[in-house]
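Down below is the structure, laid out as structure tokens.
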Amino acid sequence: MTIPLRRLVVIRRRYEVLSMLNDFAIGSWFLVGSVFFLYPSLMDAGVWLFIVGSAQFLLRPIIRLAHRLHLQRIPASNWEF
């Protein structure tokens with residue numbers, strides 16, 4: 001069974017979209033957290049948003065690793081170019 005190039009492109013694009021959504025979420029947490037720091041009553045929530053954003057940075061290499069492992073499960077001899 002050969003894996004068409006089109007399928008490989010679909011796999012790559014899915015991981016790219018996942019990575020972009022993750023980056024968007026990280027930016028959102030840090031932006032909202034920064035605004036929260038302008039108001040003393042929201043400062044604790046701002047700290048938590050920074051913690052969530054920082055933890056989410058760990059997802060970036062996990063997404064890349066998952067993509068690589070996904071492609072490694074497909075034997076190169078099955079790729080159709």
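With 10 angstrom as the radius, rank Asp44, Asp23 by how many other C-beta atoms surround their C-beta, starting from the fewest.
Values: Asp44 10, Asp23 15.
So the residues, fewest neighbours to most, are Asp44, Asp23.
Could you point to the label whose value was computed as Kirkwood radius over Cα pairs in Å for the structure here, given (i) 14.8; (ii) 12.3; (iii) 12.9?
Matching entry in (i) 14.8; (ii) 12.3; (iii) 12.9: (i).
For a Förster distance of 22 Å, can you work out the FRET efficiency between the beta-carbons of Ala66 and Leu31, rounded to the nearest 0.05?
Working: r = 27 Å, r/R0 = 1.21.
The formula returns an efficiency of 0.25 here.
Below 8 Å between Cα atoms, with a sequence gap of 6+, how large is the relative contact order for the range 3-74 in percent?
On the way: 40 pairs, mean separation 25.2, N = 72.
Result for the range 3-74 is 35 percent.
For each of Met43, Met20, count neighbouring Cβ atoms within 10 Å of the residue's Cβ, then give the residues from fewest to most. Walk me through the numbers on the way to the answer.
Details: Met43 13, Met20 10.
Least to most surrounded, the residues fall as Met20, Met43.
Laboratory data are not the source of any read-out in this text; all were calculated from the coordinates shown. Quantities reported herein were computed from a predicted structural model and do not represent experimental measurements. Please note: Cβ atoms are built from the backbone with ideal geometry, for glycine as well, and neighbour counts cover all protein chains shown.
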